[in-house]
Structures are given as C-alpha cells and as structure tokens.
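Student: Please see the structure below; I have some questions.
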Amino acid sequence: MRIKQTFFTAAVVVSFAVIGHAQNTGLIKQRAREAATKAGGQPGLPQHGPGTPGQPGAQPLTPEQKAAAAQQQSAGKLTATIAVLRTRPEATPEQTERLNKDLQTYAAASAKTDALTKLANDLGAALPGRKFTSETQAQLARALAVLINIGNAPASDVQAALRSANSALKFAGVPDETLKVLVADMQAVIAEQQKPRAAK
C-alpha cells in the first residue's frame, strides 16, 4: 500500500512539473510575440531596419556608389587576366581579345571607343613576360578599373590612378618608350569620358 502511495505521489509531482514547464514555455512565447508587436513587426517574421535591400525603405545607389562597385568588380577580373598574361612570352590573339573584353565589360559607356580597344591591344603586347608581383599586378588592375570608369571622381583621383598604373608598369620592367604609349592610351580613354555628352 505504501509503495502505491509513493508511486501516486511521484506521478503527481511529475505532472505538475510538466504543466509548469509548458506554462513557462507558453509565457515566453507570448512575451516574444508582444515584444515583436511593440517593435512594429509581426510575430515569427524577421525584423528589418530602414533601408534594408529589398524593403520599401531601401535607397537606390548613387552614381558614385555604382562606379565604385563596378571598379571593385573589374579590378578583380583584370587582376586575373594580367596574372595570365605576365606568365606568357607573348599574348595570343585570344588573350588580347580577353583583355579587351574585360575592359569593355566594365568600362563606362563613354569610354567604349577605339581608344579603349587600342589600350587593350597595347597592353596585350606589353604585359607578357613582365616581372609583376602579385601586389603590382593588383595595383595596375585597380588603376585601370578607375581609369576606364571615372564616373564623377575628382580629377586628383583620376591623376592618382594614372600615376599608379605608370608606377606598376615601370616596376614590372616595361620599357620607357612602351610606357609612354600606354600612358597616352590611358589619357585618351580618360579624355573620351570627359567629353560633353552632346558632342558624342
């Protein structure tokens, strides 16, 4: 009889513990729903702050932000292309065309002229076999990314990119005469982008 009473008492204690746990869990969930409602959201849905992409409050990118994003993307692509070219004794027509395609893909619309094609061809002839380090090839790629899509960048930034490209090419061992041609090519690409739109 005492054993039955003991089992009965234990069962009652366990039942109350389970009920208490369920009540606490329900209370926690209820408080979470109330907190979400007070925060202006809906229970069970992730909350987003103002301006989150895909939300009504998101702000469109400015021209400067678009240019910066394009420059970052093109720099990565150009770095890979330069890395291939520098290991070759000379560029094949396909490799030069790849470089031209990379430049054309990420260049501003106003830069897509014969001047850009000439820059690609001259780079294709100058880069193979040069002593680029990983740092200087990335430096050249970043400079080119700016020069082919200057956007509304200040003139000082454009000139800094031109000097950076010149420095990377010189460090890699590009001859002075070839370097002068490449700098002139880059200046021509810059000039195309600076022409008044009405004149195009």
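The values are calculated or read from the model by the stated rules, or taken from the named source; none is laboratory data. In this text, all values refer to a predicted model and were calculated from it rather than measured experimentally. All Cβ positions, glycine included, derive from the backbone under ideal geometry; neighbour counts span all protein chains shown. Areas reflect the complete protein model, heavy atoms only, side chains present, ligands, DNA and RNA absent. Shrake-Rupley method; radii C 1.70, N 1.55, O 1.52, S 1.80 Å.
Student: Got a sec? Which residues in the range 135-179 would a label at Q187 touch, if it sits 7 Å along Cα→Cβ and we count backbone N under 11 Å?
Tutor: Within reach of a label on Q187: no residues.
Student: Next question. Computing the accessible area with a 1.4 Å probe over protein heavy atoms, can you report the carbon and sulfur percentage for the range 92-200?
Tutor: 53
Student: While we're looking at this one, here's another question. Please work out the FRET efficiency for the pair K101 and A160, using the Cβ-Cβ distance as r and a Förster radius of 25 Å; give the result to the nearest 0.05.
Tutor: The pair K101/A160 has a calculated efficiency of 0.40.
Student: Might you tell me the accessible area per residue for the range 103-200, computed with a 1.4 Å probe and given in Å²?
Tutor: Per residue, the range 103-200 has an accessible area of 49 Å².
Student: Over 23 Å between Cα atoms, which of K118/K180; K118/K195; K66/K180; K66/K170; K131/K180; K66/K118 qualify?
Tutor: Among K118/K180; K118/K195; K66/K180; K66/K170; K131/K180; K66/K118, the Cα-Cα distance tops 23 Å for K66/K180; K66/K170; K66/K118.
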